[in-house]
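Note sheet for the following structure.
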């Protein structure tokens with residue numbers, strides 16, 4: 001038998017074995033034999049996603065070889081080389097290789113690159129951007145006196161000529177003076193303006209993006225940029241704030257945010273929901289979504305080089321039906337962890353408590369909570385419920401409770417009771433093909449988790465849920481019409497808001 005017994009296996013089977021390998025593992029597999037090397041270098045993991053960073057830039061030959069192995073097929077390239085010692089290699093080898101293959105690059109991320117490479121970066125974008133769909137540029141200087149380089153007008157024209165460019169991320173750069181060519185294809189802009197910035201600069205830049213529908217701010221949300229968005233980009237529906245530093249108290253007087261239908265905030269300060277929701281009129285709906293127990297992470301980016309949010313978070317969504325507005329906040333469970341029996345102190349300072357956890361959360365505004373008429377827990381019954389429910393006490397207007405479950409046993413894992421004197425309806429849905437809820441589990445959940453309500457309640461089940469067991473066990477808890485309430489569409493669909501976090505600022 002040969003030393004490489006895999007030589008007896010067909011090429012198709014070996015190729016399939018490589019499908020789930022990471023980039024580093026694939027490079028190891030190439031060393032097994034000449035045959036493995038040949039198969040691995042033809043595998044999409046080798047040529048489809050190509051990255052280079054501070055630890056690998058000294059191997060530019062491998063980077064260029066992978067570009068060539070793509071054989072003109074669409075590729076995604078990530079460059080994260082911020083070291084000043086890499087400047088010569090970047091200018092002399094890496095960036096010219098990118099320029100030579102720019103015509104078949106689909107996603108191009110200059111995630112962090114040293115400012116000294118600016119001319120080579122812009123030169124790489126001077127070719128035909130035939131299939132470029134995503135472009136992100138972030139320069140870093142490594143010093144406190146970083147000077148933002150200006151994008152040449154020729155580069156801006158090349159972007160305007162790109163027929164498929166949808167996402168544009170520009171951080172650590174300045175925009176050339178007007179007049180600017182219109183970039184008609186871009187719908188998402190990730191842009192942090194320089195600290196020295198004029199309203200006229202924003203007006204001219206955003207006027208060149210007439211079809212923009214989403215704006216992302218990473219470092220600082222600026223009122224003048226938001227005002228320019230409203231003036232120049234009437235189609236903008238979503239503003240995303242991607243960092244707590246962008247919401248420093250000195251930058252929170254953002255009146256223009258009230259005019260955007262959807263605002264998404266990552267890692268919000270406890271005072272932010274009150275500010276961002278204060279202009280919402282009438283009653284509010286609240287949806288709390290947990291990414292931990294879903295088969296597919298909620299709206300996490302798909303590109304392997306930009307992992308974005310981890311699964312250890314949950315999402316809080318306030319919805320105003322009368323305003324048709326949505327405000328989304330991402331939270332860490334650490335803000336809710338405390339010893340059993342502890343009382344969450346909403347007035348404590350920002351310092352960690354003795355247990356190492358902060359008792360801060362997004363539900364400190366009582367007036368805001370009292371406007372809630374619907375609360376939905378999406379796929380987090382046994383993960384977030386026991387953290388959140390103790391805060392949602394005695395809500396006078398809460399009439400509908402929505403719960404998304406994976407299986408019937410989820411209902412047995414909720415310990416904290418929800419005090420809801422105005423509750424009339426409980427709705428159950430599932431996020432997969434279907435499930436069965438056992439009458440005994442539903443009975444025990446209702447008796448344990450719901451207090452203060454006037455029974456019997458109305459029970460609404462999604463079309464893909466089967467209620468199994470003797471319904472007589474629910475007597476006094478739910479009305480007798482439960483068997484005909486199989487008409488509920490997925491109530492959590494409003495929470496599946498488009499989210500992308502594929503580019504981070506410096």
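Multiplying the residue separation of residue 41 and residue 386 by 0.36 nm and subtracting their alpha-carbon distance yields 119.2 nm.
Length gained on full extension, residue 274 to residue 475, computed as 0.36 nm times the residue gap minus the Cα-Cα distance: 68.3 nm. In terms of its alpha-carbon gyration tensor, the stretch 75-229 comes out oblate; a/c meets the 1.5 threshold, while b/c is at least as large as a/b. Residues of the stretch 423-459 with the amide nitrogen closer than 14 Å to a label point 7 Å from the Cα of residue 394, along Cα-to-Cβ, please. Those under the cut-off are 452-453. Here the spin labels are modelled as points 7 Å beyond Cα on the Cα-Cβ line, and at residue 11 and residue 58 they lie 3.6 nm apart. Taking R0 as 25 Å, what's the FRET efficiency between residue 370 and residue 223 from their Cβ-Cβ distance, rounded to 0.05? Computed FRET efficiency for residue 370 and residue 223: 0.25.
Given axes a ≥ b ≥ c from the Cα gyration tensor, I'd like to know whether the stretch 396-488 is rounded (a/c under 1.5), prolate (a/b larger than b/c) or oblate. The shape class here is rounded. Label-to-label distance for residue 103 and residue 27 is 2.9 nm, based on points extended 7 Å past Cα in the beta-carbon direction. Extension gain for residue 466 to residue 425 (0.36 nm times residue separation, less C-alpha to C-alpha distance): 13.0 nm.
Against the empirical 2.2 N^0.38 Å (N residues), the stretch 1-137 has a Cα radius of gyration ratio of 1.16.
Any read-out appearing in this document is the output of simple, stated calculations on the displayed coordinates, not a laboratory observation. Owing to the predicted nature of the structure, the values given are computational and were not obtained by experimental measurement. Note that we place each Cβ from the backbone using ideal geometry, even for glycine, and neighbour counts take in every protein chain shown.
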